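Okay, structure first, notes after.
The values are calculated or read from the model by the stated rules, or taken from the named source; none is laboratory data. Since this is a predicted model, take the numbers as computed values, not measurements. Backbone-built Cβ (ideal geometry, glycine too); neighbour counts: all protein chains shown. The area values use the complete protein model at the heavy-atom level, side chains included, leaving out ligands, DNA and RNA. Shrake-Rupley method; radii C 1.70, N 1.55, O 1.52, S 1.80 Å.
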Amino acid sequence: MRSLQLQLSLTPSLFKPKLLSHLPYPILRLRSPPVASLPRNAISISQSQQTGVVQNGALEEEYSVSLPEGLLRELMPTHVAVIMDGNRRWARMRGLPIWSGYEAGVRALRRLVELCCKWEIRVLTVFAFLSNNWFRPKVETDFLMGLFERGLRDELENFTKAGIRISVIGDSAKLPKPLQVLITDALEVTKNNSRLHLIVAVNYSGQKDIVQACQSISLKVKDGVVKPEDINEFLIEDELETNCTDFPCPDLLIRTSGELRISNFLLWQLAYTELYFAHTHWPDFGEDEFLEALSSFQQRQRRYGGQNS
């Protein structure tokens with residue numbers, strides 16, 4: 001579908017069982033490392049990586065990765081963020097209950113996770129539940145919480161086998177207690193996986209993320225751990241919830257359904273992110289639409305405030 005491309009920069013079951021089981025996950029043959037962004041900390045490369053094979057667990061299968069024609073490996077984004085918008089509108093357009101839209105959205109997320117694994121995108125952050133979404137009808141929010149819990153429970157073993165690491169950002173205190181426990185278990189079980197880092201923003205607010213970072217730093221100043229003159233952008237970034245990844249700032253943000261806003265998502269982290277707005281409702285966002293977004297990204301010149309090269 002046609003997409004509106006703005007070259008801007010700014011300073012159910014959630015996962016069905018066997019979501020990715022058809023892919024030969026455990027081992028990945030690397031062509032060349034992505035260079036779209038640099039990690040905050042150096043990452044050691046194991047001997048298996050140096051020889052071109054990444055090993056996950058005891059399995060030793062090889063998975064040759066090739067990009068679709070027209071995409072360049074050296075221009076691939078390292079971190080892609082997505083605002084998955086349009087599930088309810090998609091359902092209403094078809095005369096279906098909104099639950100059907102969320103379930104269709106799950107299938108779209110499944111496709112995107114598969115593609116990120118296949119094309120060696122290192123980090124995928126998805127906006128699953130905005131903190132203001134609690135103002136929606138309770139029956140809807142209860143459904144969404146149950147959807148997330150059941151899906152994560154069903155899919156945890158598959159994520160582990162796939163080499164996918166899970167992180168959840170946002171205020172978890174308001175989430176149902178069983179879901180909080182499950183999230184803790186998922187983080188622990190998958191913490192050593194490195195194929196893809198899937199970050200799910202649940203009950204998340206970009207404004208609150210910055211506030212809590214400032215509060216944390218202020219306590220350190222009060223305790224004499226940090227001097228006020230030592231506070232800089234790097235210190236603030238380390239206190240944000242995205243400190244769970246070595247690549248906290250997305251290279252590319254995709255928002256579906258035609259809305260032209262970022263809705264309080266990763267406000268600090270999107271400072272130099274390339275933005276892509278697709279008219280497609282999230283449930284219809286598939287490989288063709290992702291390719292269009294990546295192609296648009298690769299045609300842009302990222303200057304980070306500098307001059308044209």
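Considering the range 292-309, and only residues there that are assigned to a loop (DSSP other than H, G, I, E, B) and among the hydroxyl-bearing types (Ser, Thr, Tyr), the residue that is most open to solvent (accessible area, probe 1.4 Å) turns out to be 309. State the number of residues belonging to the range 241-291 that are part of a loop (DSSP other than H, G, I, E, B) and among the basic types (Lys, Arg). Looking only at that region, the number is 1.
The set of residues from the range 121-136 being surrounded by fewer than 18 Cβ atoms within 10 Å (Cβ to Cβ) and assigned to a helix (DSSP H, G or I) comprises 132, 133, 134, 135.
Restricting 237, 274 to those that are in contact with a helix residue (DSSP H, G or I) (Cβ under 9 Å, 6 or more places away or on another chain) and open to solvent by 20 Å² or more (accessible area, probe 1.4 Å) reduces the list to 237.
Here is a yes/no grid of residues against (1) among the hydrophobic types (A, V, I, L, M, F, W, C); (2) in a helix (DSSP H, G or I); (3) farther than 23 Å from residue 100 by Cα:
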position	(1), (2), (3)
145	yes, yes, no
150	no, yes, no
160	no, yes, yes
188	no, yes, yes
192	no, no, yes
197	no, no, yes
207	no, yes, yes
210	yes, yes, yes
220	no, yes, yes
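Close Cβ contacts (under 6 Å, 6 or more residues apart or on different chains) running from residues in the range 162-181 that are within 14 Å of residue 198 (Cβ to Cβ) to residues that are assigned to a helix (DSSP H, G or I) and open to solvent by 40 Å² or more (accessible area, probe 1.4 Å) comprise 169/241. Scanning the range 97-120 for residues that are in contact with a helix residue (DSSP H, G or I) (Cβ under 8 Å, 6 or more places away or on another chain) and aliphatic (A, V, I, L, M), we see that the one that is most open to solvent (accessible area, probe 1.4 Å) is 98. Annotation: residue 91 fulfils all but one of (1) closer than 29 Å to residue 294 by Cα; (2) open to solvent by 50 Å² or more (accessible area, probe 1.4 Å); (3) at pLDDT 95 or above; (4) assigned to a helix (DSSP H, G or I); the unmet one is (2). Out of 183, 231, one residue alone is β-branched (Val, Ile, Thr) and open to solvent by 40 Å² or more (accessible area, probe 1.4 Å). It is 231.
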